[in-house]
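Have a look at this one before I ask anything.
The values are calculated or read from the model by the stated rules, or taken from the named source; none is laboratory data. Bear in mind the structure is a predicted one, so any value in this text is a computation, not a measurement. Reconstructed Cβ throughout: ideal geometry from the backbone, glycine too, with neighbour counts over all protein chains shown.
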Amino acid sequence: MSDFCLKGENVHLWRGDHHVLRGVRFQVEGGECLQLTGANGAGKTTLLRTACGLAYPEGGEITWRGENIRKDLHAFHAQLAYLGHEPPLKAELTARENLRYWIGTRRRLQPQELDGALERVGADQWADRPVRTLSAGQKRRAALAGLTLMRVPLWLLDEPTTNLDAEGQKLVGALIDEHLQAGGVALAAVHHGLAMSTASGLKRMELTVG
C-alpha cells in the first residue's frame, strides 16, 4: 500500500487584509487526483503554492507522507514537480536543451528517455527549435514532457491545459491517468474538468476554494 499522501489541515492564509484561504482542508493519496475549482481570485494558485512550500500559511499545516512539509523542504521538493502558468523554459535554448538541463539538475537523464518523452507529447518534430520560435501550446507540450521525466510521486499543476487544443487537453488527462496508475498523486487547479479516463476506476475528487 502506498504511503503517498498530501494533506491540508485547517489552512489559513492572508494577502494583506484579504483572507484568501479560510480553514481549507483536503487529502489526496496515491492513485488520486484532486481538482481545485473556483472563480478567479478564489485562491487556487495560492493553495498550490502553499502546498509546495512557496507560500507560508498563517494557520494550519500541509503534510506529505505524514510529516509537515516544512520539516525538510529540500527533501519534500525532491519528491514533487510543480508546473505553473508559465512553462519553465529558456527562450534561447531548444526544447530538447531545456529538458536536458532542467531534468539533468534532478537526475541522470538518458538520451532515449528524452526522445521518448518528446515523442509522447508530440514535440519530437520541433524539439530542436529555439523555444522563442514556438507557440504557447508547443511550449506547454515541452513542459509536459519535462513533467513526465521528473519521475516524482507528487504533481502540482496550475491550469495544466492552458494554451492547448482539444488533443492537447486529452493528452494532459492521459498523462495524469498514467501517473495515478503508477501510484502517483496529483493536485491540479482547473477552470474545467480534466479529460481523464472514467474507466480507470481511480478516485477523482473536486474541491471548490474560496
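Out of (1) part of a helix (DSSP H, G or I); (2) in the same structural domain as Asp3 (by TED's automatic domain parsing); (3) touching a residue at least 24 places away in the same chain (Cβ under 8 Å), the odd one out for Asn163 is which?
(1)
Follow-up. For region 113-139, which positions are of a type in the set (D, E, K, R), surrounded by fewer than 19 Cβ atoms within 10 Å (Cβ to Cβ) and closer than 16 Å to Pro88 by Cβ?
Arg132 - this is the single residue of region 113-139 that is of a type in the set (D, E, K, R), surrounded by fewer than 19 Cβ atoms within 10 Å (Cβ to Cβ) and closer than 16 Å to Pro88 by Cβ.
Considering only region 1-42, how many residues are among the aliphatic types (A, V, I, L, M) and surrounded by fewer than 16 Cβ atoms within 10 Å (Cβ to Cβ)? Show your work before the answer.
Pass one, region 1-42, residues among the aliphatic types (A, V, I, L, M): 1, 6, 11, 13, 20-21, 24, 28, 34, 36, 39, 42.
Filter once more, so that each one left must be surrounded by fewer than 16 Cβ atoms within 10 Å (Cβ to Cβ): 1, 39.
Of the residues in region 1-42, 2 are among the aliphatic types (A, V, I, L, M) and surrounded by fewer than 16 Cβ atoms within 10 Å (Cβ to Cβ).
Results for (1) touching a Pro at 6+ places or on another chain (Cβ under 8 Å); (2) in a helix (DSSP H, G or I); (3) closer than 25 Å to Arg49 by Cβ, shown as yes or no for each residue.
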residue	(1), (2), (3)
His85	no, no, yes
Tyr101	no, yes, yes
Glu113	no, yes, no
Leu144	yes, yes, yes
Trp155	no, no, yes
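From the residues in region 80-103 that are surrounded by 16 or more Cβ atoms within 10 Å (Cβ to Cβ) and under 15 Å from Leu187 (Cα atoms), which one is modelled with the lowest pLDDT?
Residue satisfying both the conditions and the ranking: Gly84.
While we're on this one: Between a first residue in region 97-112 that is of a type in the set (D, E, K, R) and a second residue that is surrounded by 12 or more Cβ atoms within 10 Å (Cβ to Cβ), which pairs have beta carbons less than 7 Å apart while being 6 or more apart in sequence or on different chains?
Arg100/Leu109; Arg100/Leu114; Arg106/Met150; Arg107/Arg151
Which one of these is farther than 19 Å from Ser197 by Cβ and over 13 Å from the mean Cα position of the chain (by Cα): Glu167, Glu159, Glu178, Glu92?
After applying the criteria, what remains is Glu92.
Shifting gears a bit: Could you please tell me which pairs satisfy a Cβ distance under 8 Å, a separation of 6+ or placement on different chains, a first residue in region 1-21 that is of a type in the set (Lys, Arg), and a second residue that is part of a strand (DSSP E or B)?
Lys7/Phe26; Lys7/Gln27; Lys7/Val28; Lys7/Ile62; Lys7/Thr63; Lys7/Trp64
Sticking with this structure for a sec: Look through Arg120, Arg129 and report the one residue that is touching a strand residue (DSSP E or B) at 6+ places or on another chain (Cβ under 7 Å), more than 23 Å from His77 (Cβ to Cβ) and either at pLDDT 95 or above or not assigned by TED's automatic domain parsing to the domain that holds Ala51 (or both).
Arg129
Looking at region 10-33 only, could you name the residues that are within 19 Å of Tyr56 (Cα to Cα) and either β-branched (Val, Ile, Thr) or assigned to a loop (DSSP other than H, G, I, E, B) (or both)?
Listed by number, the residues that qualify are Val11, Gly16, Asp17, Val20, Val24.
Give Leu48, Leu36 a once-over and let me know the one that is in a helix (DSSP H, G or I) and within 12 Å of Ala186 (Cα to Cα).
Leu48
List every residue pair whose Cβ atoms lie under 7 Å apart, where the two residues are 6 or more positions apart in sequence or sit on different chains, the first residue falls within region 123-138 and is free of Cβ contacts under 8 Å to residues at least 40 places away in the same chain and assigned to a loop (DSSP other than H, G, I, E, B), and the second residue, located anywhere, is β-branched (Val, Ile, Thr) and buried (at least 18 other Cβ atoms within 10 Å of the Cβ).
Every condition considered, the pairs that remain are Ala127/Thr94; Asp128/Thr94; Arg129/Thr94.
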